[in-house]
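Step one of this worksheet: look at the structure below.
The values are calculated or read from the model by the stated rules, or taken from the named source; none is laboratory data. In this text the structure is predicted, and so the values were computed from the model without any measurement. In case anyone asks, the SASA skips ligands and DNA or RNA and just uses the protein heavy atoms, side chains included. Shrake-Rupley method; radii C 1.70, N 1.55, O 1.52, S 1.80 Å.
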Amino acid sequence: MPMALRARTILPALLFALTSHAVVHPAFRPVAVRGTLNGASGRLEVTLGEAEPLFLEYEVVVRGGGEARLAVTWNGAAVDVPQPGAAYLTEHAIVVLPVEATRAGANHLEVRLEDADAAGFEMRARVHNYYGIAPDVPRAAIVGDAAARRRARTLPLWQHAAMLSALALSGAALARLATATLGAPWGGVAILAGPGAALAYSAATPLHVWLSLPALAVVTLAPWLAALGVAAAVRRPRPVATAALLAVVTFGSVEIALRLFNAVRPSFVFYADGYNRFRGQPGGRHFDDVFNQRGFNDVERSVARPPAVTRRIVALGDSFAVGVVPRSGNYLRLVEQALGPPGTVEVVNLGVAGTEPRDYLAVLVDEGLAYRPDVVLVTFFVGNDFETRAPRLIERSYVLTLGRALWRLGTARSLAGAAGDGPAAYVDDAPSMPRDRFLEISVERAWIYQRDSRRLPAAVTRAADLLATMRDLARSADAEFLVAIAPDEVQVDAGLRAAVAAALRVGVETLDVGQPDRLLAAALAERGIATADLLPAFQSAAGGERLYKPRDTHWNLAGNRLAAAALARALDAAADAQ
């Protein structure tokens with residue numbers, strides 16, 4: 001092999017091996033344990049197969065008292081945590097747990113309130129070993145720098161040597177192939193761009209990128225494709241045109257690579273029009289149950305109707321149908337139990353969080369009608385089902401979307417996490433989000449209550465037309481069709497309504513909270529669609545007990561029971577009318 005060719009092959013191969021070795025973890029296993037701690041003290045147990053760096057992410061509120069202080073320990077070692085700024089103020093933070101105190105086997109997080117005057121605290125805690133992106137999709141994880149340093153120290157020397165050798169050999173083959181295909185002496189450098197960018201991100205932030213071997217292949221292939229276009233561009237005599245073409249080709253190649261990878265392994269990171277972006281992960285934990293094999297919060301259902309089932313209802317909706325309560329307390333499960341003896345009635349829950357009527361129609365066509373239902377039940381949530389989902393400008397590009405996600409991960413003080421592997425305890429009166437964020441959501445939705453809203457009539461017509469299409473499809477399959485109109489908390493809670501009005505700087509009397517229900521019910525009646533408006537029942541019961549989970553927008557256990565009772569009556573009445 002000529003000396004020049006060896007240099008063009010060996011040097012990129014060595015650099016590829018060293019760079020990739022720093023960012024590749026072929027067998028990374030995510031750890032995430034969630035729990036809620038209440039009272040004056042609480043304890044969370046985390047069992048590990050091996051000791052590794054972990055993060056504590058939490059949301060905490062202290063009720064009553066003066067300057068309350070939390071003492072947090074991890075296996076007895078003190079954890080430095082930001083303290084609550086004031087009583088009843090929700091704080092959200094993420095901190096590193098002491099690495100030296102972490103051990104294989106059982107570990108214990110203990111939280112204690114060091115203020116006798118305080119009534120108690122409530123902490124929603126999550127202990128995990130990664131920030132994101134998602135450890136399975138696209139098989140990349142972002143961890144703390146301590147995790148990378150620890151792995152470098154604990155791996156045996158022979159494993160380091162074996163991985164470096166394998167990467168060097170593959171790098172040499174890639175460098176030779178890249179040089180040949182690009183027809184340039186610097187062609188082998190193209191294979192360094194992807195792992196080099198991952199390593200640069202790791203060096204520039206307190207976080208570290210870990211890639212699986214398939215992910216390494218993708219980040220290596222994308223710059224190579226870009227380099228093929230660049231090789232053609234540099235032959236042009238004009239520098240400005242060459243630079244512009246280089247940028248376009250590079251951006252386009254990475255965009256294509258990300259889209260191809262997402263087509264094989266879809267990720268929630270990227271925008272998609274379809275509902276599958278929000279479908280649950282089959283086997284994913286939902287309190288003491290798991291999502292079924294189709295990714296729905298329901299028991300396993302056969303498409304063919306079991307012989308004992310005399311009535312089958314296909315239920316469609318968003319996060320209300322999925323529920324924020326355990327499955328046993330979900331209104332759709334309660335409706336199933338109320339309509340007949342066990343095994344004789346099926347309510348097939350096809351709810352997908354984050355969706356809207358356009359998606360309900362798609363679910364009905366793609367999956368719902370296959371169950372040959374007797375009834376199609378749609379839960380229309382007044383709070384956000386009048387809105388349509390559309391990509392923002394940045395979301396139209398996968399490159400920009402991924403770049404924004406990585407930037408947020410590298411700079412954010414706190415980051416939301418996915419559910420842990422073990423069952424999480426449900427606390428009916430635990431707030432789900434900070435007060436300011438909850439109020440922000442409620443204010444954003446208030447346009448539907450403004451009497452002079454120009455958006456609402458068009459939104460009502462659009463929703464009613466989509467529901468009418470669903471009704472026609474249901475009838476063509478010999479199924480009845482019923483729309484349950486689920487109220488927003490602003491319509492039910494006078495205190496929240498006053499807070500929203502104050503934030504909008506308008507009088508509370510200017511908000512017509514019954515307006516969206518009236519307009520939608522009237523539009524559906526014109527189209528001959530049966531409805532069950534739950535607002536009167538919720539407004540009537542609101543004075544007796546809380547019906548929504550605090551600062552969450554969804555029904556709590558009592559709200560689910562109330563909705564189930566009202567819907568069971570409506571479904572029975574519809575059956576009697578046939």
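Quick check on the range 504-578: take the gyration tensor over C-alpha atoms, sort the square-rooted eigenvalues as a ≥ b ≥ c, and tell me if it's rounded (a/c under 1.5), prolate or oblate.
oblate
Please report the accessible area of Leu334 (heavy atoms, 1.4 Å probe, ligands and nucleic acids excluded) in Å², nearest 10.
Its accessible surface works out to 40 Å², give or take rounding.
Give me the log10 of I(q) over I(0) for the range 438-578 at q = 0.10, 0.14, 0.16, 0.20 Å⁻¹, as the Debye formula computes it from C-alpha points; what are the numbers?
Listed by q, the Debye log ratios stand at -0.38, -0.74, -0.94, -1.27.
Please label the shape of the range 327-379 as rounded, prolate or oblate, based on the square roots a ≥ b ≥ c of the eigenvalues of the alpha-carbon gyration tensor (a/c under 1.5 means rounded; beyond that, a/b larger than b/c means prolate, else oblate).
Cα axes put the range 327-379 in the oblate bin.
Under a 5 Å amide H to amide H cut-off, with H placed in plane at 1.01 Å, what residues pair with Gly354 once short-range neighbours are removed?
HN-HN under 5 Å from Gly354: Ser319.
Kirkwood hydrodynamic radius, the range 480-524, all distinct C-alpha pairs: what's the number in Å?
11.9
Taking H placed 1.01 Å from N in the peptide plane, check which residues at least 5 places from Ala484 or on another chain put their amide H under 5 Å from its amide H.
Close amide H contacts, sequence-distant or interchain: Val378, Thr379, Phe380, Ala532.
Skipping prolines and chain starts, which residues have an amide H placed within reach, meaning under 5 Å, of the one on Ala93, given they are 5 or more residues away or on another chain?
Distant-sequence amide H within range of Ala93: Tyr58.
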